[in-house]
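**Q** The structure under discussion is supplied below as structure tokens; questions concerning it will follow.
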Amino acid sequence: MTVPAASALSERVSASGVEPSPPVGRRDLNTKKLARLGWAFSAPAMLVVGAVTIFPIVFSVVLSLSHVAITGNGFVLGGFTLGNYRALLNSGRWRYDLGFTFGYTVVTVLVELIIGTAFALVLERLQAARGMMMALLLIPWSMITVISAELWSYIYNGTYGVLNAIVAPFVSHPIVFLGTPVSAIIAMMVADIWKTTPFVTIIVLAGLVMLPDDLYEAAEVDGASGWSTFWKVTFPLLRPTLALAVLFRVLQAFGLFDLPYVLTSGAPGHATESLALLGYEVMFSYFQFGPGAAIAASTALIVLVVCLAFLKVFRSQIGSEA
Amino acid sequence: MMAVLAGSRKRVSALLAVGAMSMTLAACGSGAPSTNSPGTSSSPGTPPGNATSGTVTWGSAPIARSNLRSTLISAFEKAYPHIKVNLVTLPTSANAQQSALTTQISGGSGPDVYTGDVTWAAQFAKATLAEPLSSYLGSSYFSSFAPGLIKGATYNSKVYGAPFFTDEGLLYYRKDLLAQNHLPVPSTWQQLVSESKTLQSAHLVKYGYVWQGASYEGLTCDWVEFMADAGGTLTNSAATKSTIDSKASLKALTFMRSLITSGVSPAAVSTYQEPQSLAVFDGGQAAFMRFWPEGYAPAVSALGASKVGVAPMPTFAGQSAPGYSVVGGQNLYLNPHAKNMAASITFIKWLTGSQAQTMMATKYAMVPSNAAVRSSKAVTSSSPVLAAIAKTKLISRPSYTPNYTRASQAIYSNVNSALSGATSPKAALSAAQSQMNTALSGSGI
């Protein structure tokens, strides 16, 4: 980021310079000087980034490849091993959690994308009260997940929950929404979709308002229906925006932790246990920091690969938009 | 917005940054190794436990929703005017306490003395996050505790925790409803079921029996009681092999599931921790509840003392009454990095001595760990809970294995799965057995 900023600055300086065409050598010198200055200014920030981001990543990878013992005096690393990763592959619990996290991500992101786009299309047409609707929509998104998860747990409560009060006339016994695997997974997805759809809406809305009007006028002249206008005009133009929304959401959904931590603790059985929740438990309840680090490192790697593959597929659209 | 994605180098670095968020978790526990060796900071010549000056930091979660901690501290400071105790409040959930203490102590800091679950002893001892108390205090000190408590705090024949207070499973019942219907306090599970059905069909209560069935440590406690009543065991005596997959266990688990299917317990009991079961009982919706001693005060304030009774647990018909009560509670642990060992041990000794323990029992209805205090007239007559405690039959969890937390997870997640109906009791027990064996061997995840 710093290099482009510095060169942009130097371009502006030279553009507003008194001499119409400065000697090449001097201009180079100027650029180099400014670049150096840019690096110097950003060095403290980069040190902080290094300390809180790069170091923990490297340390986690090292932990994941070592025999780790925790002691009263910190970690003791006892040599290289692939055993931590082998333990994951041999664990049915890890494989289930991987599948669950993957499936959860696919379903929630897809549903959020559909509902979010629909909301954005409506909001874009809205003449009056658009601001108020946006504010209302943002409430779930701005709420801290731990708090919204607590609220949902009151809604889903199998004894005195709000949802049970609503369905009470239609069922003979209260439904334990968080008590069976399928219903617990669906309940958790609903809470997630409720919270995160506004985020998708905002991104898609930003994309929609930037679409050129003349294409719509042309479509109207050609007599296209609303439906075919959406599929033939809006959707293709919106694809880069949608790709961005998917990317952000996948990165976030794959790290799912706070919602199951508060709502279900992974129950019933391990039905709603995400990879992040498993990693936390393995590290801090079982004190198995080697396998725990392997869970964290492999999760990060998986999500990275998934996102890069996704971007490759959408590269042409993104490239043309940029 | 698109610019973020345009350059491939920037794209990768942005992804790396987000990926890092999921990994920083792994490095939370890192810390520079400390050179502080235990015991060096206590002044020579002062026998441990009899210090007269210094400062001690005590890390403890709030106890019994009361001002107990500060009351104890001011009484201690009165007895030892030159020792100052600083209170550090730990998180309320056991998991959060564990991660906070692990990171602090392994980083070379943390409170000098900390209160922690009785099941942590072996795990913390193995990870050298606790200092052996038996290196400082003699066997006469450890024999002052109620029987069985020290065994649970021992690892490799060293004692790591001083029992602070005890929790035991108790049967709470609606005194008024039983009297009205001329029903005795149930001494067997079968009797509890039939009395529940009587009271439920008379529409006096919505549910018969509420307990803790959610997927967490509390379910392991409830499970151990049912299983031991049926004659089952969790592990062999060395806690190296699981013995959970047995006929007795099957009887216990089938019975627990039948409590739900018959409507004696609400279906939602498989999502209940302590607060939910207490809410149903205190709301007058259940005739019986399994709870710890600390449930008495809130139950009495919600329903009135004339309606709340406490008794030892029931057992299965044909077994000798009473049923088993699981032992829980908190130990006082010593940080290996404690800055003033002598003063810290003095504080631990005082908290487990007769003055503090009597105060906890008579003023806060806590169950004392000190044997003499526990059986004293002043204490047993001070509350119905302590009177019931005198008659319980205790069973402990095998917390003397450092792999206890994992083994327990294998128990409660599978039992919970059977309670929810997702797995059959038979399949749940065989899964629990194999997962427990992996856990007890200390391998895999």
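What follows draws every value from the coordinates through simple rules; no lab data is involved. This structure is a prediction, so every number in the text was calculated from the model and none was measured. In this analysis, Cβ positions are derived from the backbone assuming ideal geometry, glycine residues included, and neighbour counts consider all displayed protein chains.
**Q** I'm checking a number: the convex hull volume of the Cα atoms of the protein assembly as shown, normalised per residue, in Å³. What is it? Don't jump to the answer; show the numbers that get you there.
**A** Details: hull volume 168.8 nm³, N = 767.
Enclosed volume per residue, from the Cα hull, is 220 Å³.
**Q** Based on the Cβ-Cβ distance from residue B:202 to residue A:186, what FRET efficiency comes out when R0 is 45 Å, to the nearest 0.05?
**A** The pair residue B:202/residue A:186 has a calculated efficiency of 0.75.
**Q** Follow-up. How compact and how long is the stretch B:234-372, expressed as Rg and Dmax of its alpha-carbon atoms in Å?
**A** Over the stretch B:234-372's Cα set, Rg and Dmax evaluate to 19.9, 58 Å.
**Q** Relative to the Cα centre, what is the charge dipole magnitude of the stretch A:92-321, using +1 at the beta carbon of each Lys and Arg, -1 at the beta carbon of each Asp and Glu, and rounding to the nearest 20 debye? Kindly include the intermediate steps, with their values, before the conclusion.
**A** Details: 10 positive and 14 negative charges, 80 e Å.
Using Cβ point charges on Lys, Arg, Asp and Glu, the stretch A:92-321 gives about 380 debye.
**Q** Percent of alpha carbon pairs in the stretch A:226-314 separated by more than 24 Å?
**A** Working: 1567 of 3916 pairs.
Of the Cα pairs, 40 percent sit more than 24 Å apart.
**Q** Find how much the distance from residue A:218 to residue A:194 grows on full extension, using 0.36 nm per residue of separation minus their present alpha carbon separation; answer in nm with one decimal. The partial results should precede the final answer.
**A** Values: separation 24, 0.36 × 24 = 8.64 nm, distance 3.65 nm.
Gain in length upon complete extension: 5.0 nm.
**Q** How far apart, in nm, are the 7 Å Cα→Cβ label points at residue B:285 and residue B:262?
**A** My value for the distance between the label points is 2.1 nm.
**Q** Length gain on complete extension for the stretch residue A:124 to residue A:52, per 0.36 nm per residue less the alpha carbon to alpha carbon distance?
**A** Values: separation 72, 0.36 × 72 = 25.92 nm, distance 4.04 nm.
Roughly 21.9 nm would be gained on extension.
**Q** Can you work out the base-10 log of I(q)/I(0) for the stretch A:92-321 at q = 0.13, 0.15 1/Å, using the Debye formula on its C-alpha atoms alone?
**A** These q points yield log10 I(q)/I(0) values of -0.89, -1.08.
**Q** For the stretch B:346-365, list residues with backbone N below 19 Å from a point placed 7 Å from the Cα of residue B:158 toward its Cβ?
**A** B:346, B:348-349
**Q** Projecting each Cα onto the charge dipole of chain A (Lys/Arg +1, Asp/Glu -1 at the beta carbon, about the Cα centre), which of A:155, A:243, A:185 comes out farthest on the positive side?
**A** My answer, from the dipole projection, is A:243.
**Q** Give the percent of DSSP beta bridges with both residues in the protein assembly as shown that are antiparallel, rounded to the nearest 5. Before the final figure, lay out the partial values.
**A** Values: 31 of 47 bridges.
Looking only at bridges with both residues in the protein assembly as shown, the antiparallel portion is about 65 percent.
**Q** Right, something else. So what does log10 I(q)/I(0) come out to for the stretch B:360-445 at q = 0.18 Å⁻¹, using the Debye formula with one equal point on every Cα and no solvent?
**A** -0.77
**Q** What is the calculated FRET efficiency for residue B:79 to residue B:320, with r their C-beta to C-beta distance and R₀ = 51 Å, to the nearest 0.05? Please list the in-between numbers first.
**A** On the way: r = 44 Å, r/R0 = 0.86.
Once rounded, the FRET efficiency stands at 0.70.
**Q** Given H placed 1.01 Å from N in the peptide plane, which residues other than close sequence neighbours of residue B:145 have an amide H under 5 Å from its amide H?
**A** B:371
**Q** Less than 17 Å apart at the alpha-carbon level, and either on another chain or at least 8 residues along: which aspartates and glutamates does that give for residue B:151?
**A** Candidates past the 8-residue exclusion: B:117, B:131, B:167, B:168.
**Q** With a point put 7 Å past each Cα toward its Cβ, work out how far residue B:381 is from residue A:228 in nm, to one decimal.
**A** Placing both labels 7 Å along Cα→Cβ, they lie 9.6 nm apart.
**Q** Which FRET efficiency, nearest 0.05, do residue B:87 and residue A:110 yield, Cβ-Cβ r, R0 45 Å? Intermediate results must be reported in sequence, preceding the final value.
**A** On the way: r = 50 Å, r/R0 = 1.12.
Efficiency, rounded to the nearest 0.05: 0.35.
**Q** Provide the three semi-axes, in whole Å and in decreasing order, of the ellipsoid equivalent to chain B as defined by the square roots of 5 times the Cα gyration tensor eigenvalues.
**A** Numbers: eigenvalues 282, 198, 90 Å².
Equivalent ellipsoid semi-axes, largest first: 38, 31, 21 Å.
**Q** Among the listed pairs B:247/B:426; B:78/B:349; B:126/B:339; B:307/B:393; B:206/B:307; B:247/B:391, which have their C-alpha atoms separated by more than 18 angstrom in this model?
**A** Values: B:247/B:426 9 Å; B:78/B:349 15 Å; B:126/B:339 21 Å; B:307/B:393 25 Å; B:206/B:307 16 Å; B:247/B:391 28 Å.
Table pairs above 18 Å Cα-Cα are B:126/B:339; B:307/B:393; B:247/B:391.
**Q** A follow-up question, please. From the phi angles alone, apply the Karplus equation (6.51, -1.76, 1.60; θ = phi - 60°) to the stretch B:222-238 and give each ³J(HN,Hα) in whole Hz, x where the residue is Gly or Pro.
**A** 4, 4, 4, 5, 4, 5, 5, 4, 7, x, x, 10, 7, 9, 5, 5, 8
**Q** A follow-up question, please. Report the one residue of B:286, B:312, B:164 whose Cα lies farthest in the direction of the positive end of the charge dipole of the protein assembly as shown (charges on C-beta: Lys and Arg +1, Asp and Glu -1; origin at the Cα centre).
**A** Of the listed residues, the answer is B:164.
**Q** Can you give me the relative contact order of the stretch B:319-445 as a percent, contacts being Cα pairs under 8 Å and 6 or more apart? Please report the intermediate quantities before stating the final value.
**A** Working: 105 pairs, mean separation 27.3, N = 127.
The normalised contact order for the stretch B:319-445 reaches 22 percent.
**Q** Need the list of lysines near residue A:312 for cross-linking: C-alpha distance under 24 angstrom, and skip anything on the same chain fewer than eight residues off.
**A** The qualifying lysines are A:232, B:10.
**Q** A further question on this structure: Once you sort the root eigenvalues of the Cα gyration tensor of the stretch A:78-204 as a ≥ b ≥ c, which label holds: rounded (a/c under 1.5), prolate (a/b larger than b/c) or oblate (the other case)?
**A** The shape class here is oblate.
**Q** How far is it, in nm, from the label point at residue B:371 to the one at residue B:339 when both lie 7 Å from their Cα along the line to the Cβ?
**A** 3.8 nm
**Q** Which value, in debye to the nearest 20, gives the size of the charge dipole of the stretch B:272-386 about its Cα centre, when Lys and Arg are +1 and Asp and Glu are -1 at the Cβ?
**A** 340 debye
**Q** I would also like to ask the following. Whole-Hz ³J(HN,Hα) for each residue in the stretch A:302-309, computed from phi via Karplus 6.51 cos²θ - 1.76 cosθ + 1.60 with θ = phi - 60°, x for glycine and proline: what do you get?
**A** Taking θ as phi minus 60°, the curve returns 4, 5, 5, 5, 4, 5, 5, 5 Hz for the stretch A:302-309.
**Q** What share of all Cα pairs of the stretch A:79-121, in percent, falls into each consecutive 5 Å distance bin?
**A** So the P(r) values, bin by bin, are 5, 19, 14, 14, 11, 10, 8, 7, 6, 3, 2, 0.
**Q** In whole Hz, what ³J(HN,Hα) sequence does the stretch A:251-268 give by Karplus (6.51, -1.76, 1.60; θ = phi - 60°), x for Gly and Pro?
**A** Working through the residues one at a time gives 4, 6, 5, 5, x, 2, 9, 5, 5, x, 4, 8, 6, 10, 6, x, 7, x Hz.
**Q** In whole angstrom, note down how far apart the Cα centers of the stretch A:157-222 and the stretch A:87-149 are.
**A** 8 Å
**Q** Let me check against my output: what whole-number percent is the relative contact order of chain B, with C-alpha pairs under 8 Å and at least 6 apart? Write down the numbers at each step before the final one.
**A** Working: 843 pairs, mean separation 108.4, N = 445.
Relative contact order for chain B comes out at 24 percent.
**Q** List the residues whose amide H sits under 5 Å from the amide H of residue A:66, counting only those 5 or more places along or on another chain, with H placed 1.01 Å from N in the peptide plane.
**A** The list, which skips near neighbours in sequence, is A:81.
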